[in-house]
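K.L.:
Questions regarding the structure given below will be posed in turn.
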Amino acid sequence: MFVDEIKTGTVIDHITAGKGKKVYDILGIGENYPYKVALVMNVPSKTREKKDILKIEDVFLSDVQINLISLVAKDATINIIEDSQVKEKKKAILPNKIVGVGKCANVNCITNFESAAENHFDKESSKYKCLYCERLFSPEDLVK
Amino acid sequence: MNVITMHDFDRKFIETILSLAEEKDNSTENNPIFSNKVLATLFFEPSTRTKLSFQTAASRLGMQYIDFLTEMSSLKKGESFTDTIKVVAGYADVLVIRHPNEGAAKLASVICNKPIINAGDGSNQHPTQTFLDLYTIKKSQGRLNDLYIAMSGDLKYGRTVHSLATALAYFGARLYFIAPEHLQMPKEILDYLDKKGIKYSLHNRIEDVIDKVDILYCTRIQKERFVDIQDFVKIKDIFVLKPEMLKNVKPNLRIMHPLPRINEITTDVDKTEYAQYFEQAHNGVPVRMALLEYVMTH
């Protein structure tokens, strides 16, 4: 399988195999997304058996977007590409606050019933606390 | 100011409210300081004590109150909780809300600029009950510090025990949690107590701890929490408090219950000097007067 290299944009590498679609989703890439995107899954990897890779042309992710990736692929490397070269490598770190993304894993939380309620989670050690129902969840629970 | 969760309050604030409640309790006269203000009670779940004591408290402070009745409202037409709150916020100066979903009162406080008082949000918190529980404990024991307090029944879904355990962490209580294994105190609360350095232990029989404690706080075990009804039948009589269990208790023991009681305390316990649940319910009025006064002035 061959996927073109990109001249400018972002390559998200070392995504745990099978999690590429989750990264795609958390970045809000949908059917009307205006940029070229390639999601390659189950690619052979030197450091692990296999991995997923997501390439997005002409897009540089914000730090907020990069940190959201850590919720679903904590080992991912974010490569910033300019002139076909890796200009910078970044690692996603768990954000202190998540707003408007994810879903409270407590099925009885009011945010799962009211469309006007914007999800809001604050980090407490390695978990996230829902601002509304006050339950604590692991990062993966918020993006199931 | 809002009253949403006990996590928002420190020991100093709790003591301020309890002092104000004592003043209200000791005053035999009404205190109509808010005669031009309106309280709205919005109970999306049934209530007797909480709603009536809020309405009584409002009356004693000179406030008018309006009551939202779910079965007669536009909820039946599909109106959202959010829209309902926005509308009622235009009619009232303070909103008291009970709702079956966790986080409902918090959401109300985010979408409207009137004071919100949480009167119970799903299985999460019931902070005004906690203020009246603390007031009742202080009144009976003369202090809140360093007491031995047991909670029994449904500790997993019972919001009153979640709020109370959170608040007691400020006062260095030794806590005993008595419940069937699958209805024990949630991990979030136990983690919080660990963080605060509060000593607690888990038990499955009231008799194991009743002789050691100053307060036994009973709650109702609800049949609907059991997947297998036979499991409920097996344990329902284990968590019933009877007079013969009180033979060797400390003289200052007081038995509390947020009510309604079904069968978890037999009625012949009511006659003993230890029963305090009806006085506890009555304390809802001065405590809620204090809370209303505080939120209206801060």
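Quick note: the coordinates plus some simple rules give every number you see, no bench work behind them. Bear in mind that the values here come from a model prediction, so they are computed numbers and not experimental data. All Cβ positions, glycine included, derive from the backbone under ideal geometry; neighbour counts span all protein chains shown.
K.L.:
With +1 assigned to the C-beta of every Lys and Arg and -1 to the C-beta of every Asp and Glu, and no other charges, what is the dipole magnitude of the protein assembly as shown about the Cα centre in debye, to the nearest 20? Write out the running numbers ahead of the final one.
P.N.:
Working: 59 positive and 58 negative charges, 99 e Å.
Around 480 debye, computed over the protein assembly as shown.
K.L.:
Averaged across A:104-114, how many Cβ atoms of other chains sit within 10 Å of each residue's Cβ atom? Show your work: numbers first, answer last.
P.N.:
On the way: counts 2, 0, 6, 2, 8, 9, 15, 6, 3, 9, 10.
Average per residue, whole number: 6.
K.L.:
Can I ask one more? Assign one of three labels to region B:28-170, namely rounded, prolate or oblate, based on the Cα gyration tensor with a ≥ b ≥ c the square roots of its eigenvalues; rounded applies when a/c is under 1.5, prolate when it is not and a/b is larger than b/c, and oblate otherwise.
P.N.:
oblate
K.L.:
Here is a further query. Hey, how many Å between the Cα centroid of region A:87-144 and the Cα centroid of region B:213-266?
P.N.:
Measuring centre to centre over Cα atoms gives 37 Å.
K.L.:
Output the relative contact order of region A:9-91, whole-number percent, from Cα pairs under 8 angstrom with separation of 6+ residues.
P.N.:
Once normalised by length, the contact order is 41 percent.
K.L.:
Report D for the protein assembly as shown in µm² per second (integer): Stokes-Einstein, Kirkwood Rh on Cα pairs, 10 °C, 1.306 mPa s.
P.N.:
Answer from the Stokes-Einstein relation: 65 µm²/s.
K.L.:
Take every Cα-Cα distance within region A:97-143, group them into 5 Å bins from 0 onward, and report for each bin the whole-number percent of pairs it holds.
P.N.:
Once binned at 5 Å, the Cα pair distances of region A:97-143 give 5, 27, 39, 22, 6, 1.
K.L.:
Only four residue types carry charge here, +1 at the Cβ of Lys and Arg and -1 at the Cβ of Asp and Glu. Report the dipole size of region B:143-225 about the Cα centre in Debye, rounded to the nearest 20. Write out the running numbers ahead of the final one.
P.N.:
Values: 13 positive and 11 negative charges, 38 e Å.
It comes to approximately 180 debye.
K.L.:
Could you please rank A:T8, A:T77, placing first whichever residue has the fewest other Cβ atoms within 10 Å of its Cβ?
P.N.:
Lowest count first: A:T8, A:T77.
K.L.:
Something else now. Rounded to the nearest 0.05, what FRET efficiency is calculated for A:E49 and B:S73 with R0 set to 56 Å and r the Cβ-Cβ distance?
P.N.:
Computed FRET efficiency for A:E49 and B:S73 comes out at 0.45.
K.L.:
Same structure again: Length gain on complete extension for the stretch B:I238 to B:E181, per 0.36 nm per residue less the alpha carbon to alpha carbon distance?
P.N.:
Full-extension gain reported as 19.2 nm.
K.L.:
Under a GNM of chain B (C-alpha, springs under 10 Å), which listed residue has the highest mean-square fluctuation: B:D133, B:D214, B:D228?
P.N.:
B:D228
K.L.:
Oh, and also: I want to check the label-to-label distance for A:V86 and B:S19. Put each point 7 Å from Cα in the C-beta direction and report it in nm to one decimal.
P.N.:
Here the modelled spin labels are 6.3 nm apart.
K.L.:
For peptide B:104-116, how many partner chain Cβ atoms fall within 10 Å of a residue's Cβ, on average?
P.N.:
3
K.L.:
When you have a sec, figure out the Kirkwood radius of chain B from all distinct Cα pair distances and drop it here in Å to one decimal?
P.N.:
About 19.8 Å, per the Kirkwood formula over Cα pairs.
K.L.:
Got a sec? Charge dipole of the protein assembly as shown, +1 on Cβ for Lys and Arg, -1 for Asp and Glu; which of B:G197, B:L147, B:A167 is way out at the positive end?
P.N.:
Checking the options against the dipole of the protein assembly as shown, the answer is B:G197.
K.L.:
Using every alpha carbon pair in region B:157-221, what percent of pairs falls into each 5 Å bin from 0 up to the bin containing the largest distance?
P.N.:
3, 16, 32, 27, 18, 3
K.L.:
Note down the relative contact order for chain B as a percent, whole number, built from C-alpha pairs under 8 angstrom at least six residues apart. Could the numbers behind the result be given before it?
P.N.:
Details: 548 pairs, mean separation 62.6, N = 298.
Worked out over chain B, it gives 21 percent.
K.L.:
With unit charges on the beta carbon (Lys/Arg positive, Asp/Glu negative), name the residue among A:Y128, B:L20, A:T16 whose Cα is farthest towards the positive pole of the charge dipole of the protein assembly as shown.
P.N.:
A:T16
K.L.:
Related question: Within a 10 angstrom radius of each residue's Cβ in A:132-140, how many Cβ atoms of other chains show up on average? Whole number is fine.
P.N.:
Counting other chains' Cβ atoms within 10 Å and averaging over A:132-140 gives 5.
K.L.:
Moving on. Set Lys and Arg Cβ to +1 and Asp and Glu Cβ to -1, take the dipole of region A:9-91 about its Cα centre, and tell me which of A:I29, A:I69, A:T47 lies farthest positive.
P.N.:
The listed residue farthest towards the positive side: A:T47.
K.L.:
Using the crude model of +1 on Lys and Arg Cβ and -1 on Asp and Glu Cβ, and no other charge, please compute the dipole size for chain A relative to its Cα centre, in debye to 20. Present the calculation step by step, with values, prior to reporting the outcome.
P.N.:
Numbers: 22 positive and 21 negative charges, 103 e Å.
Once rounded to the nearest 20, the dipole reads 500 debye.
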